[in-house]
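S.K.: A single structure is presented below for examination.
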Amino acid sequence: MSEGVEWALHSCVNLAWSGPDRAVSAARLAAWHDLPAAYLNKQLQALARAGILTSSPGPRGGFRLARPLAAVSLMDVVAAVEGPEEAFRCAEIRRQGPGAGEPAAEGADAADAADCAIAHAMTRAELAWRKALAAQDLDEIRQQAERQAPEAPQRLRAWLAAQ
């Protein structure tokens with residue numbers, strides 16, 4: 001998973017802390033964590049395309065949350081930034097080289113012989129990972145962040161107001 005996912009998740013929480021009436025530019029969001037603005041902007045645009053953020057152009061424009069954090073799962077953000085493709089893609093290397101074409105084990109039916117054990121295990125793991133991400137929303141993350149750093153929302157708002 002790319003670092004863009006982390007940046008997008010933090011940006012969503014920071015936008016919640018900034019308040020619903022404030023649009024924040026990609027450059028300002030990037031400066032808060034000393035990130036490259038152009039790359040963060042790509043992540044924010046992906047979130048906007050997914051309906052997680054809205055963007056408005058112009059000198060007072062920027063990004064806002066399109067819906068409450070409680071309505072955005074971690075999986076929503078991951079899918080917006082990384083795309084819907086599976087993390088593991090079986091290339092069927094078992095069918096290449098000298099080991100290709102080995103007969104199925106005795107008693108295995110044709111369907112079992114066609115399934116790659118590694119691809120099957122990776123698919124199960126990915127489904128569990130996706131379910132776990134889908135089960136946690138960004139408001140839970142915001143709450144935990146505020147427990148760990150209660151001053152963080154006010155610090156961000158003060159920093160944004162001073163600029």
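S.K.: Would you be able to tell me the number of residues in the range 11-25 that are of a type outside the set (A, V, I, L, M, F, W, C) and out of contact with any Leu (no Cβ under 8 Å at 6 or more places or on another chain)?
M.R.: Number satisfying all stated conditions: 3.
S.K.: Still on this model: If you scan the range 50-81, which residues turn out to be open to solvent by 70 Å² or more (accessible area, probe 1.4 Å) and modelled with pLDDT under 95?
M.R.: Within the range 50-81, Pro57, Pro59, Arg60 meet the criteria.
S.K.: Cβ contacts < 6 Å: first residue under 15 Å from Ala46 (Cα atoms) and in contact (Cβ under 8 Å) with a residue 24 or more places away in the chain, restricted to the range 62-82; second residue in a strand (DSSP E or B) and of a type in the set (A, V, I, L, M, F, W, C), any location; separation 6+ or different chain. Result?
M.R.: Gly62/Val24; Phe63/Val24; Phe63/Leu53
S.K.: If I filter the range 33-49 for residues that are under 14 Å from Ser11 (Cβ atoms), open to solvent by less than 60 Å² (accessible area, probe 1.4 Å), small (Gly, Ala, Ser) and not in a helix (DSSP H, G or I), do I get at least one hit?
M.R.: No - not one qualifying residue is present in the range 33-49.
S.K.: Next up: Please go through the range 1-47 and pick out each residue that is in contact (Cβ under 8 Å) with a residue 40 or more places away in the chain, over 13 Å from Leu138 (Cα atoms) and among the hydroxyl-bearing types (Ser, Thr, Tyr).
M.R.: Correct list: Ser2, Ser18.
S.K.: Hey, does the range 11-29 have a residue that's within 18 Å of the chain's Cα centre (by Cα) and either in a loop (DSSP other than H, G, I, E, B) or surrounded by fewer than 19 Cβ atoms within 10 Å (Cβ to Cβ) (or both)?
M.R.: Within the range 11-29, none of the residues are within 18 Å of the chain's Cα centre (by Cα) and either in a loop (DSSP other than H, G, I, E, B) or surrounded by fewer than 19 Cβ atoms within 10 Å (Cβ to Cβ) (or both).
S.K.: Output the residue which, of all residues in the range 112-122 that are open to solvent by less than 60 Å² (accessible area, probe 1.4 Å) and either over 30 Å from Met75 (Cβ atoms) or part of a helix (DSSP H, G or I) (or both), is modelled with the highest pLDDT.
M.R.: Ala121
The values are calculated or read from the model by the stated rules, or taken from the named source; none is laboratory data. Only a predicted model underlies this, so the values are computations on that prediction, with no experimental measurement involved. For neighbour counting, all protein chains shown are included, and Cβ atoms are generated from backbone atoms with ideal geometry for every residue, glycine included. Please note that ligands, DNA and RNA were not included when accessible areas were found on the heavy atoms of the full protein model with its side chains. Shrake-Rupley method; radii C 1.70, N 1.55, O 1.52, S 1.80 Å.
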